[in-house]
Structures are given as structure tokens and as C-alpha cells.
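Quick notes on the structure that follows.
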Amino acid sequence: MTPLDFVVSLALISVAAGVLGSLIGLGGGVVIVPVLTLLYHVDIRLAIGASIVSVIATSSGAAAAYVRERMTNLRAGMFLEIATTTGAVSGAYLTTVLPTRFLFVFFGVVLAYSSFTTFRRRHADQPLTVSHDRIANYFNLHGSYYDAVEQREIPYKVVGTKPGLALMYVAGLVSALLGIGSGALKVPAMDSAMHLPMKVSSATSNFMIGVTAAASAGVYFIRGQIDPIIAAPVAAGVLLGATLGARVLGRVASKTVRIVFVIVLVVISLEMLQKGIFP
Amino acid sequence: MTHPNVPTGASERPPYDQPPVEALGRSGGRVLSPEEAAVMKEKVRKVEVAISLVLRTGVVVSVLVIATGLGLMFAHHGAYLPVSGHFSYHRLTSRSTPFPHSFSSLGRSIARGQGRGIIVLGVLILILTPVLRVAVGVLSFVYEKDPPMALVTLFVLAVLIGSFFLAGV
């Protein structure tokens, strides 16, 4: 395979990763890392660097549309970034301390659990009308979005800010350690713990993963993990895919988004467990 | 006859373009008066459009720079171009492949007009886009007269900038 074949084929795969990632609020790293390591036999450290680039590309590409369409909860997103960025900075320095195998197993178990809780909530998408959460009320993290499928404005209240913040810290930590956007943890934190509607959770996760990834991207750049010939097709392809994917979310029912999310979560969880148990 | 897809006035603005008054508010839990809410509604919409514009601009600029870099790289290295041949991409994707990963080496690479340097520059623009978005977020909350949220966002910006210094950039 020549460099041209590599660039073109990787760009096409990246378009698909961008579409999927933007739709369910993940960074596409879950597609990019296995593709690079298993299909192209690229060193895992370079694959992780490319994955960080893919996360930022998905986030910025999709969020530009979601913010304009008021699908993103800007206040909740920016508030929760307190936890994700501090988690990411601590994670970037824990890489040397924690054994990677342990991380993969830990992350695999967490994802298996969150796929279970997300699946259990598949019929319940009744947004809350009252919130007694003092933090959410003080910062007014509640919101409202226009659902194109139901053709009406849907207001919602936010609860569970404290467990939300804790989960977001873990998400930031995992993001830096494994080079993923960890939308797989952010979406359940908002959907299950904080009761944001599924589509808002996905759009807000998309909005946040770019900032989480940027917090560890500097480290990856200096360590020489961002190889231009891998990063270029990934960035360009994912950006195109995320822009396309962002046009779809509004027109899909919340239940569909949740089911696709659960399937992807189960796949990643098995992937992580496999890496941790049979490396 | 107007084209059905072209909005002709405020009444035909897309439904997502109008934040409902009930959902508006600042930190502190105080309910806004109708006048305040009307002002807030316009401000919130402006902020959303501004943040969306920052993200879109960052994305477009980085893609253009990355594409230029890729073009230059293939133009300089004829051996990379054939669809079939002996030159394997592995020589460019192994741990020993040289590419700039510090600002001084990046500057030298761009000065020499190397495609890979220009690609890295485009990737750095992409990485800085979310940081810029957070900075705009701080200004937005100042504009919305919401000091607690402005402080929260300022903290996030400080952690982000700090992370680059901690990395030794």
C-alpha cells in the first residue's frame, strides 16, 4: 500500500467515523484506534494521537451545527467542562503510573454498565419539569430544545449535578489516558444521571469532547504522537463526516439515537475488555 | 413567487431559531422580568451564533491548511503518488518517522515549505479551535451579565491554557 492509497482509504473510513461520532456524541476514536492498529498496523501511540485529532474534529464539526440549532445545552456543557478538563489534566500525568491493562478492564466494565442503564431507559424520555438540585438551579443549567421529529419545543430540568460532575471527572481522566473523547461516559452522565433528553445529551457531549481532548492534545503533540500523514486524512475525513452527521440528528427519534448508542457502547466495552484481558 | 426554502421574514425563521423565554435566565435563580427576558433572548441567540461561527471558522481554516500541506507533500515526493508501487506507507507511519513535534522544529519545517510542517500547523489550528471557543464563552457570559458562569468558563480556560504549559509547549 502506497502513501496515496493510505491517505485516501483512511480519509473514507474517517468520514464514516465522523458521521457515527456526531450522531451519538462520541469522538470517533473508538473507530479510528482499532482501524489504525488492526487494519493498518500503526503503532498504538501514533493511533492514540490520531484519535485525539479525530475527537476534536468531530466535536468542532458537529457542534457548529448543534449550537446554532439550540440542540446543545451551552450552560450545562460549559459548567461540566470544569470537571472534564481537570480530569484530563490529571489523566495526562497518570499515564505513567497506572497500568494500561487495568485501565482497559476498568473502562470496559464501566461501559458495560452504562450501556445497561442507557438501554433500560430506552422507553423513558419524559423530561423533568421540576428540579430541586441546588447547583443546577443556581447556575440555571435547565434548558429547552426544538425537536424536529415531535415538531414541538421541549423544555427540561436538570438534576444530579454532583454525580454528573463526578462522572465527568472520570470521563476527562479516561479521555487523557486512552486518547478517546469519552463521550461514551459523558452521554450516560447527562442522560441517566442528570436527566437531559437523549438528543441534548448527545449534542452537548459533542460540544464538550473537543475541549476535553484539547486539554491533553498539547501533551500528545510534544511527545511526537501526532504524525501528519495519519492526522491529515483523519482530520479532513472526520470533519466532513461530522458535518454530514449533524444534519441527521435533528431528524432522528431519541429512541433510535439511544439504541445506536447502546450498540456502539457494547462493542467498545467488549473491545476494551479484550485489550485488558488478552492483550 | 418566493422559493419555499428561502426565509423571507421573521415569521418564517426556523423554529430552533427562537429560544423560549421560560428557559432563559442567569445564575442566582432570580426570575427575569419580561423586559429583561426580551433582551436576554436576543443576547442568547447572538452568543449561539457567535460560538457556532468560531467553531465553523476554525474547522474551515484548519481543513484548508491541512489540504494545502497534503498537496505540497505529494507534490514534493513523487514516490508517494503511485496507486501501486514498492513505497510503503509504513515508512511514514512508524515510530522512527521524522516529523515536527515542537514549535522550533515546526517553524523550520514550515519555513522550508515542507508539506508535513504545514499539515501539523493545520492540526494545531484544529486543536486550538475549542480553546478559542471557551475564550468566546467567557466573553459571552460577561455579555449576558452572568458573573458566576463567566468565572466557571474562565476557570476552564485557565486549566486548558495551563495544560499546554504543563505539556512544555
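The values are calculated or read from the model by the stated rules, or taken from the named source; none is laboratory data. Nothing here was measured: the structure is a model prediction, and the numbers come from that model. Cβ placement follows ideal geometry from the backbone for every residue including glycine, while neighbour counts extend to all protein chains displayed.
Before moving on, here are some points about what is shown:
A quick yes/no check of all residues on (1) part of a loop (DSSP other than H, G, I, E, B); (2) crowded, with 24+ Cβ neighbours inside 10 Å; (3) within 14 Å of chain B (Cβ to nearest Cβ); (4) modelled with pLDDT under 90:
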{"site": "A:GLY181", "(1), (2), (3), (4)": "yes, yes, yes, yes"}
{"site": "A:MET208", "(1), (2), (3), (4)": "no, yes, yes, no"}
{"site": "A:SER216", "(1), (2), (3), (4)": "no, yes, yes, yes"}
{"site": "A:TYR220", "(1), (2), (3), (4)": "no, yes, yes, yes"}
{"site": "A:VAL238", "(1), (2), (3), (4)": "no, yes, yes, no"}
{"site": "A:LEU244", "(1), (2), (3), (4)": "no, no, yes, no"}
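- Which numbered condition B:PRO100 misses (of (1) in contact (Cβ under 8 Å) with a residue 12 or more places away in the chain; (2) in a helix (DSSP H, G or I); (3) surrounded by 15 or more Cβ atoms within 10 Å (Cβ to Cβ); (4) more than 7 Å from chain A (Cβ to nearest Cβ)): (2)
- Any hit, region A:14-35, residues being modelled with pLDDT of 90 or more, buried (at least 19 other Cβ atoms within 10 Å of the Cβ) and within 11 Å of chain B (Cβ to nearest Cβ): no
- Number of the exception - A:ILE226 against (1) part of a helix (DSSP H, G or I); (2) aliphatic (A, V, I, L, M); (3) facing chain B (nearest Cβ under 10 Å): (1)
- Lone unmet requirement of (1) farther than 26 Å from A:ILE154 by Cα; (2) touching a residue at least 24 places away in the same chain (Cβ under 8 Å) for A:SER192: (1)
- Count of region B:34-44 residues which are within 16 Å of A:ARG68 (Cβ to Cβ), touching a residue at least 12 places away in the same chain (Cβ under 8 Å) and more than 9 Å from chain A (Cβ to nearest Cβ): 2
- Test: residue in region A:90-109 that is at pLDDT 85 or above, out of contact with any Lys or Arg (no Cβ under 9 Å at 6 or more places or on another chain) and in a loop (DSSP other than H, G, I, E, B): no
- Pair list, Cβ < 6 Å and 6+ apart or interchain, from region A:54-71 residues that are over 8 Å from A:GLY27 (Cβ atoms) to residues that are surrounded by fewer than 24 Cβ atoms within 10 Å (Cβ to Cβ) and of a type in the set (S, T, N, Q): A:GLY61/A:THR243; A:ALA64/B:SER52; A:VAL67/B:SER52; A:ARG68/B:SER52
- Identity of the residue in region A:36-74, among the polar types (S, T, N, Q) and more than 8 Å from chain B (Cβ to nearest Cβ), that ends up surrounded by the fewest Cβ atoms within 10 Å (Cβ to Cβ): A:THR37
- B:LEU106 vs. criteria under 24 Å from the mean Cα position of the chain (by Cα), more than 8 Å from every other protein chain (Cβ to nearest Cβ), more than 25 Å from A:VAL7 (Cα to Cα) and assigned to a helix (DSSP H, G or I): no
- Filter result for B:GLY162 (more than 16 Å from A:ILE56 (Cα to Cα), modelled with pLDDT under 90, part of a helix (DSSP H, G or I) and within 9 Å of another protein chain (Cβ to nearest Cβ)): yes
- Any hit, region A:43-64, residues being in contact with a strand residue (DSSP E or B) (Cβ under 9 Å, 6 or more places away or on another chain) and within 30 Å of A:ALA253 (Cα to Cα): no
- Considering residues of region B:68-78 that are in contact (Cβ under 8 Å) with a residue 40 or more places away in the chain and surrounded by fewer than 19 Cβ atoms within 10 Å (Cβ to Cβ) only, the residue nearest to B:ALA135 (Cα to Cα): B:THR68
- Test set (1) of a type outside the set (A, V, I, L, M, F, W, C); (2) modelled with pLDDT under 85; (3) under 18 Å from A:ALA235 (Cβ atoms); (4) assigned to a helix (DSSP H, G or I) - B:HIS90 fails condition number: (3)
- Here A:ILE268 meets each of (1) within 13 Å of another protein chain (Cβ to nearest Cβ); (2) hydrophobic (A, V, I, L, M, F, W, C); (3) under 22 Å from A:VAL53 (Cα atoms) with one exception, condition (1).
- Test: residue in region A:153-167 that is without any contact (Cβ under 8 Å) to a residue 12 or more places away in the chain, more than 30 Å from A:ILE52 (Cα to Cα) and either at the interface with chain B (Cβ under 10 Å from one of its Cβ atoms) or part of a helix (DSSP H, G or I) (or both): yes
- Matching option when the condition is over 19 Å from the mean Cα position of the chain (by Cα) and not charged (D, E, K, R), among A:VAL234, A:VAL219, A:VAL187: A:VAL219
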